[in-house]
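Just so it is clear, none of the values below were taken in a lab; they were calculated from the coordinates. A quick note: this is a predicted structure, and the numbers were derived from the prediction, not measured. In this analysis, Cβ positions are derived from the backbone assuming ideal geometry, glycine residues included, and neighbour counts consider all displayed protein chains.
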Amino acid sequence: MPDRPTETADSGRPQIDVEKLHQLVLKSLDDDQALEVVSIPLEGKSNIADYMVIASGRSTRQVASMATKLGDRIKQEFGRNVRIEGLPAADWVLIDADDVIVHIFRPEVRSFYNLERMWSFGDDRVTATAQGG
C-alpha cells in the first residue's frame, strides 16, 4: 500500500510538499502543450498560496482539458481534490490546489486581464517555463 500524506491538524487535508506540487503543475501543463507558462512566487506578497501559475491554451477545449487533467493528476499523486472554476465556458479556468493557484486562459482573455503584470510588479523572480507557439 502506498504511503499517504499525513493530515494537517488545522485543515484535516493531506499535508503535501509544495515544491513537488508546483513541479507537477508545471510538468502537467508542459505535457498538455500549454502556451506561455509563467510561474509567480507569492511568498511575501500574499498568503493565498505559495505559487501562482498562469498558462494559455489554444482553444476552450484545450483549456478545459488541461484543467481537468491537472485536477486528476493532483488527486492521483497527492490524494487531494482541487477546486476548479470556469469549466463550462473555459475562457478562463482557475484551479485552486491550495498551495498553488493555476489560471489557464484562452490567449485573448489572458491579454485582457494581464494577471502577470498585476502579481509580478517589481519582482525579478517571475519565471517563464515554456515558450509560446
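Modelling each spin label as a point 7 Å along the Cα-to-Cβ direction, I'd like the ASP30/ARG117 distance in nm, to one decimal.
Each label point lies 7 Å from its Cα, and together they span 2.9 nm.
Could you derive backbone 3J(HN,Hα) for segment 19-34 from the dihedral phi with the Karplus parameters 6.51, -1.76 and 1.60 (θ = phi - 60°), listing whole Hz in sequence and x where the residue is Gly or Pro?
Values per residue, Gly and Pro as x: 5, 5, 4, 4, 5, 4, 4, 5, 5, 4, 5, 5, 4, 8, 6, 5 Hz.
Taking θ = phi - 60°, what integer Hz values does the Karplus form 6.51 cos²θ - 1.76 cosθ + 1.60 yield along segment 75-89, in sequence order, with x for Gly and Pro?
Couplings: 4, 5, 7, 10, x, 10, 7, 10, 9, 10, 10, x, 4, x, 8 Hz.
So what J values fall out for segment 105-114 if you push phi through Karplus, 6.51 cos²θ - 1.76 cosθ + 1.60 with θ = phi - 60°, rounded to Hz, Gly and Pro as x?
With coefficients 6.51, -1.76 and 1.60, one gets 10, 6, x, 5, 6, 4, 4, 5, 7, 6 Hz.
List the relative contact order of segment 18-128 as a percent without decimals, with contacts defined as Cα pairs under 8 Å and 6+ residues apart.
Result for segment 18-128 is 29 percent.
Between THR60 and ASP72, what length in nm is gained on full extension when 0.36 nm per residue of separation is reduced by their alpha carbon distance?
2.5 nm
Can you list the lysines whose alpha carbon is less than 23 Å from that of LYS27, not counting same-chain residues fewer than 8 positions off?
LYS69, LYS75
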